[in-house]
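Visitor: For reference, the structure I am asking about is given below.
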Amino acid sequence: MNTSTPLKPAVFHILLALADRESHGYAVMQAVREQSGGRVPMQTGSFYRHLSKLLDGGLVAEAAKKRADDDPRRGSYYRLTPLGQKILASEKQRLTDLVAAMGGLKAIKKLQ
Amino acid sequence: MRLYDLLLRAYPPAFRDRFGDGMRHALASDLARARSRGRVAAGMFWLVTIWQAASLGLSARSVERRRRPHQFSPVPTPRGTNMRTLFSIDWRDAFRSLRATPVITAAAVLSLALGIGANTALFTIFNSLLLKTLPVREPQQLALLDDGSWTYPIWEQVKARESMFDGVFAWSNFGIDLAPSGATDMVSGAFVSGRTFEVLGVAAQLGRTITPDDDVRGGGPSGPVAVISHGLWQKRYGGAGDVVGKPISVNRVKYSIVGVTPPEFFGTEVGRNVELMIPFGTEPLLRPSALDARSTWWLEIFARLKPGQSLSDATSTLRGLQPLIRAATLPQDWPEADKASYLKEPLTMVSAATGRSALRSRFEEPLNVIMAVVGLVLLIACANIASLLVARAVSRRHELSLRLALGASRWRISRQLVAESALMSIAGGTLGLAFAFWGSRMLVRQLTTSATNVVFLDLHFDWRVLGFTALVALLTTTIFGLAPASGTMRIQPNEVLRERGRGVAGDARFGLRNVLVVIQVALSLTLVVAAALFGRTLSGLTTRDLGFVPDPVLTISLSAGKTGVPKDQFGPLFDQVVDAVKAVPGVASVGASFTTPVGNSAWNTRVEVPGMPEPTTGAPARDGRYVPWVNTVSPDWFEAYGMKLIDGRSIAATDRLGTPKVAVVNQTFATRFFPGQRAVGAHFKVDREEADIEIVGIVADAVYRSLRADMAPTIFFAQAQQEPGRDLMLSVRAAGGAPGALTRSIADAIGRVNPLIAMTFRPLSDQIGASLVQERLVATLSGFFGGLALMLAGLGLYGVTSHAVSRQRAEIGIRMALGARPAGIVAMVLRRTSWLVGIGVAAGAALSFWGATYVKTLLYGVQPRDLVTFVGAGAVLIAVGLVAAWLPARRAAKVEPTTALRSS
C-alpha cells in the first residue's frame, strides 16, 4: 500500500484513533466517526479494507494482550507500530505546515 | 443465518478469517444503531452493507489473486489443459469487461434485481403461508381433526380417549379486549386446553405455561390464568421480568399472567399472531358458556401422533371410536335426518405440520395469480437482458475475433461470457433479495385490515427462500447467458476482422433479438390485459351503487355483557346510550341495528309467504335467492344510511314489544316474493315462528354483506320489537367532516351512561375498504407489474431498433444519397418494428385469451375475454412500440449521407 504521505483522510483518522490507545475494530470506527464529526464516512467493509492494508503495510499491528474485561466477540485489538507512529507524526507535521501557510496567506491579505 | 453472515462470504476466506469476528461485531452494532433510528436508516444500512460486500469483497478477492503468481497472456488457456484450468474462470476479466460498459451492466442488473426481487418477495410469502412448519417440537407429528371446527362436548370425548395418540389438545381463536373500561383494546387471543403447550412442546421463556390444573371450569387453584406472547410482553410490559403474577384484564375480567411464550411461537394458525392464551375452563367467566353446547362449532382439535403412527393409522383408530364419540355428543334438538347424518359423518385426521390458516384459503388464488404475473415479469426482464447482452456481444465481435485469432479456444471465450452473466446474476440476485425483504413486508402490511385482523407472517429468509433466489438467478443466467455465448461459437474471425464494423442488416443474431422482442411484447400484452381486468374489477366495486351513502358514517359496536346490568335492563340502557350519542355536537343522526352493511355478522332466515312462487330449480330452502338477509333497525337507521323509502312507511317509534310485528323489506324482496302486486300491507312468516309479520314499507335495495354479491332480498325488523341482546351496533352520521373526529366525544358520552360498556369504533368507509383488500392488492400489483412490463418491452424495442439503425447507417446513407426522402426512411424503419409489434400483439392476445379464464373468479362486472380490454391493451402496446421505434427512426432520417458514407 502507498503509505507515503499525504494519507487518505480515512486512513489518517484511523491512525489518529489508534495513536493513544489500543482498541478493537468497532471502537476505532466509532472514534473516527466522532473525531471527524461524521465528515469521514466509515462503514464496516471499507474500514476493514483500510485496516487490512495498514496491517500489511506494517503501520498497525494486532495488540498482543487483551484487556481483562474483553468480550471475545469484538475481535482483535489493534495498536500503532513505531512505523505507524512515525508516519502519523509526519502527516500531522505536513498538515500543520499547510495550516500555517494558510495563516500566512491570510496575514498577507490583511496587509493589503 | 443472519443476512450479514451471508454478506461476509463475499470477502475472500483469508480476509474473513482475519477480520470475521470484528466485522460481525461492527455490523451488529451498526445495525442496532440504525434500527433505533427507524426504517429508513435501517434500509440505508443494508444498502451500504450490501454494496460494500459486493464491491469491496470482490476487489479484495482480486487483490488476493494478484498476490498469487498470475501471468496474463493474450492466449488465455495454454494448450494441453488439465480439468482445473479448463473450468477455472477468470472472474477479474469478467468484472473488468462488465465495468467497461457501465450503462448496459446497470440496466441489466437492475432489470434482473426487479424480476428476482418480485419473485422472491412473493415466494417469501408463499413459503411462510404454505411451506414453513410450526415452530414447535417435531411439527411433522402434529395432526388436526379435519376440518377444524368442533364442539366442546366432542373435544371432551376425544380428550377422554387421549391414549389413542401421543397427546391431544384443543385450540380456539378468540378476540380479546385488554381495556379494563371504555373503548376496547383488541388483541388476538385463544382458548387452549390444559395440555396444549405440553403436547406442542413449547416451553415458557418466563414463568410457566397453562397446565391441566388451570383448565377446569371456573378456573383452577391459581384462579383464571393467562399466558402472554413474547410480543405482548415486550410491547405492553417493556419485557419486565416481574410480569409473572401481574393482573391482566381479559374482556373486563381479571386474570393473572403466569408465563410468557418464546418469541417464535405465534399459535397454530399461520397468518395470526396470538398474543394471549387462556384455558377453556375459564370461558364461562367471559360469556354465556358454549362448553355444553352440542351444536356450537368453535374449536380445533389437534393430536400429536405416536412415533411410527401414520395419519391413516390415526384416522382408523379414531373411526373405531367414532360411534361412541358421536353418540355421546348428539345434539338432541336436531331433526332426525340431521341426527342420522351427524352420527355417520366420518372423522378424519389431516397433517397439521404447517398449522392451519384461514388466510391460506383466502389468498391462495390471488397469490397464485400474482406469482404468475411476477414470473412473466421475470421472463420479460430476462428477454430484455438477453437482448442487451446480444447487442453487447455483437459489438464485441471484433475483440472476440482477435482473441480467437490469437489462439483462445471458443470454449474459453464462451466461459468468459457465461462468467459475466453469472456475475450479473449474483449482483442482481443480491439486490433482488434486498427488494424482496421490503417488498414482502410491504405486501403483508397491505393485507392487514383492522386492529383485530392483523396479518402476521414470519417473513425471515430461510434456506428455502435463499435456495429459491439462487435457483431463479441460476435459471436466468442460463437463459440470458447462453444467447450471447452461442453467438460466439459462430464467429468467423477472418471475416469479422476484415469487416471492421462495416455492418449490414440481416445478421443472424438480429433474428434472435427479434424473437426476444416478440416474446416481450406478447408477455407484456398479457400483463396489461390482466392489469386492465383487475383494475376494472376494483373500480367497478368501488364505484358500485351501494344503496346507501357510506360517508361520513361511524359505526360503533357496543357490548353490555360485562356491565353487571341485568338482562331485562339492556333495552333501557341502550335507549339511554342512543339518546346520549344523539346529544353529542356534530352528530346528525344515530341508528341502532343488529348488524351494519359489509359488517362482521350476518343473519338470514327462511320465510313463508302465502302463495310464494316456487323457484324454478331446487328447493326454496336451499336456494340463496329465497333466503332473505335480516337486520333489525331503529326508526332513524334508514336516515343515518341515507336509504330511500319507496313505498309505505319506515319503522316507527311506536313499533315496540307488544304491538303487532312489522317489517320493512327491500325492493328485491318485494319483487321476488310478491311479483306483480303491492307488497305493503302483505304478511309473511319467519321460519320456526308463529307470529304473522306485516310489511309496512319498502326501501331501495342496498348491499348487505358483500360488495360482490347481487342485491339480495332483505328484511328489516323493528329493533324495539326484538328481545334486547347484550350487543348492539350504532351507526352515527356526522353532520360533516371526518366521522373519526367524533370518536372521543361519543366515547365520553357513552362512558357517562355506563363506564363498563365495551365499544369499538370504525368508520363505515374503512369497513367497506377492508372488504376489498384482496381486489385492491391484485389490482395494484398487476397494475404495477403491467406498467413495468410495458416499460421493459418499450426499452427492448427501442434497443433493438436503434441498434439495427446504427448498423444500417451506411445503407441508409446510400439510400438517401440516391434520393430517398427522410419520411421514406422513417417508414422503412417503422415497417420493420410494426411487424415485430404486430406479431407480438397477436401472440399476446392469444395467450391472454387462453389465460383469462383462469382469473374469472377474481373478476367482477367485467368478462374475462372483454373485447374493449383486449383492444385497449393492444392499442397501448402498439403506441408504446411506435414511440420506441420512432425515436431511432427519426435519428436515422437525420443522417447526413456524406457523413454516413465517409465514416464507415
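Visitor: For an R0 of 25 angstrom, estimate the FRET efficiency from the Cβ-Cβ distance between B:Ala160 and B:Ala353 and round to the nearest 0.05.
Guide: The computed FRET efficiency comes out at 0.45.
Visitor: Let me ask something additional. For the residues B:Val518, B:Val40, B:Val826, what sequence is obtained by ranking on other C-beta atoms within 10 Å, fewest first?
Guide: B:Val40, B:Val826, B:Val518
Visitor: Return the aspartates and glutamates within reach of B:Lys582: Cα separation strictly under 16 angstrom, same-chain partners fewer than 8 residues apart disregarded; answer none if there are no such residues.
Guide: B:Asp636, B:Glu639, B:Asp748
Visitor: Cα atoms only, chain B: Rg and Dmax in Å?
Guide: My reading of the Cα-based Rg and Dmax gives 34.7, 107 Å.
Visitor: Further question on the same structure: Listing B:Val630, A:Val40, B:Val374 from the residue with the fewest other Cβ atoms within 10 Å to the one with the most, what is the order?
Guide: Result, fewest neighbours first: A:Val40, B:Val630, B:Val374.
Visitor: For a footprinting-style exposure proxy, rank B:Met711, A:Met29 by other Cβ within 10 Å, fewest first. Write out the running numbers ahead of the final one.
Guide: Details: B:Met711 16, A:Met29 25.
Exposure proxy ranking, most exposed first: B:Met711, A:Met29.
Visitor: Please compute the length gained on full extension between B:Val515 and B:Gln863, using 0.36 nm multiplied by the number of residues separating them and subtracting their Cα-Cα distance.
Guide: Working it through step by step, the gained length comes to 122.2 nm.
Visitor: Report the convex hull volume per residue for the stretch B:764-829, counting only C-alpha atoms, in Å³.
Guide: 91 Å³
Visitor: From the phi angles alone, apply the Karplus equation (6.51, -1.76, 1.60; θ = phi - 60°) to the stretch B:629-644 and give each ³J(HN,Hα) in whole Hz, x where the residue is Gly or Pro.
Guide: 6, 10, 9, 10, 9, 8, x, 8, 4, 4, 5, 4, 9, x, 8, 8
Visitor: Can you tell me how the stretch B:240-378 classifies by the Cα gyration tensor, rounded, prolate or oblate, using a/c under 1.5 as the rounded cut?
Guide: oblate
Visitor: Can you give the FRET efficiency to the nearest 0.05 for A:Met102 and B:Ser29, using r as the Cβ-Cβ distance and R₀ = 60 Å?
Guide: Values: r = 38 Å, r/R0 = 0.63.
That gives a FRET efficiency of 0.95.
Visitor: Separation between the A:Arg73 and B:Ser601 pseudo-spin-labels, each 7 Å from Cα along Cα→Cβ, expressed in nm?
Guide: Taking the simple label geometry, A:Arg73 and B:Ser601 are separated by 5.1 nm.
Visitor: Could you give the nm distance between label points at B:Leu131 and B:Asp292, where each point is 7 Å from its Cα heading toward the beta carbon?
Guide: 5.0 nm
Visitor: Would you pull out the residues with amide H under 5 Å of B:Ile248's amide H, same chain only if 5 or more places away, H placed 1.01 Å from N?
Guide: Correct list: B:Tyr255, B:Ser256, B:Ile257.
Visitor: On to the next question. So how strong a dipole does the protein assembly as shown carry about its Cα centre when Lys and Arg Cβ are +1 and Asp and Glu Cβ are -1, to the nearest 20 debye?
Guide: 6500 debye
Visitor: Treating the beta-carbon of each Lys and Arg as +1 and of each Asp and Glu as -1, no other charges, what is the dipole magnitude of the stretch B:712-789 about its Cα centre, to the nearest 20 debye? Intermediate values should be presented prior to the final figure.
Guide: On the way: 6 positive and 5 negative charges, 36 e Å.
For the stretch B:712-789, the charge dipole is close to 180 debye.
Visitor: Karplus couplings for the stretch B:195-205 from phi (6.51 cos²θ - 1.76 cosθ + 1.60, θ = phi - 60°), rounded to Hz, Gly and Pro as x?
Guide: 9, 3, 5, 5, 5, 5, x, 10, 9, 6, 7
Visitor: From the Cα gyration tensor of the stretch B:121-220, with a ≥ b ≥ c the square roots of its eigenvalues, which class applies: rounded if a/c is under 1.5, or else prolate if a/b is larger than b/c, or else oblate?
Guide: Numbers: a/c = 1.57, a/b = 1.02, b/c = 1.53.
In terms of gyration-tensor shape, oblate.
Visitor: Looking at the stretch B:803-882, which trypsin sites (Lys or Arg not before Pro) are DSSP coil and have at most 16 other C-beta atoms within 10 Å of their C-beta?
Guide: B:Arg865
Visitor: Additional query: Kindly provide the pair-distance distribution of the stretch B:365-457 built from C-alpha pairs, with 5 Å bins from 0 and whole-percent values in order of increasing distance.
Guide: In order of increasing distance, the bins hold 3, 10, 12, 17, 13, 10, 9, 7, 6, 5, 3, 2, 1, 1, 0 percent.
Visitor: A 19 angstrom limit on the alpha carbon distance is what I want to check against. Which of A:Lys8/A:Lys92; B:Lys339/B:Lys685; B:Lys132/B:Lys235 exceed it?
Guide: Check vs 19 Å cut-off fails for B:Lys339/B:Lys685; B:Lys132/B:Lys235.
Visitor: Going by amide H atoms built from the backbone, whose H comes under 5 Å of the H on B:Tyr704, apart from near neighbours?
Guide: Distant-sequence amide H within range of B:Tyr704: B:Ala712.
Visitor: What net charge do the residues around B:Leu554 carry, taking every other residue with its C-beta under 13 Å from that of B:Leu554, with Lys and Arg at +1 and Asp and Glu at -1?
Guide: Once all neighbours under 13 Å are counted, the net charge is +1.
Visitor: Let me ask another. Mind giving me the FRET efficiency for B:Arg37 and A:Asp56? R0 is 41 Å, r the Cβ-Cβ distance, nearest 0.05 is fine.
Guide: Given R0 = 41 Å and the Cβ-Cβ separation, E is 0.75.
Visitor: Give me a comma-separated list of calculated 3J(HN,Hα) values for the stretch B:131-140, in order, Karplus coefficients 6.51, -1.76, 1.60 applied at θ = phi - 60°, integers in Hz, x for any Gly or Pro.
Guide: Computed from phi, the couplings for the stretch B:131-140 are 10, 5, 7, 5, x, 10, 5, 6, x, 5 Hz.
Visitor: Considering every pair of different Cα atoms, what Kirkwood radius, in Å, is found for the protein assembly as shown? Please list the in-between numbers first.
Guide: On the way: mean 1/r = 0.0285 Å⁻¹.
Result for the protein assembly as shown stands at 35.1 Å.
Visitor: Regarding the stretch B:659-773, what whole-number volume in Å³ per residue does the convex hull of its Cα atoms give?
Guide: So the per-residue hull volume is 171 Å³.
Visitor: Among residues other than B:Val136 whose Cβ falls under 14 Å from its Cβ, what is the net charge (Lys/Arg +1, Asp/Glu -1)?
Guide: Once all neighbours under 14 Å are counted, the net charge is -1.
Visitor: Compute from the Cα atoms of the stretch B:175-234 the Rg and the Dmax, the latter being the longest Cα-Cα distance, and quote both in angstrom.
Guide: Just the Cα atoms of the stretch B:175-234 yield Rg and Dmax of 12.8, 38 Å.
Visitor: Moving to a separate point now. With the dipole of the protein assembly as shown worked out from charges on the C-beta (+1 for Lys and Arg, -1 for Asp and Glu) around the Cα centre, which of B:Gly881, B:Leu178, B:Leu777 lies farthest toward the positive end?
Guide: Checked the options; the winner is B:Gly881.
Visitor: Okay, next question. Which cross-chain or sequence-distant (5 or more) residues have an amide H under 5 Å from the amide H of B:Gly175, H modelled 1.01 Å from N in plane?
Guide: Amide H neighbours of B:Gly175, under 5 Å, 5+ apart: B:Gly189.
Values in this text are rule-based calculations from the coordinates and carry no lab data. Model, not experiment: these values are computed from the prediction. Here Cβ is always computed from backbone atoms with ideal geometry, including for glycine, and neighbour counts include all displayed protein chains.
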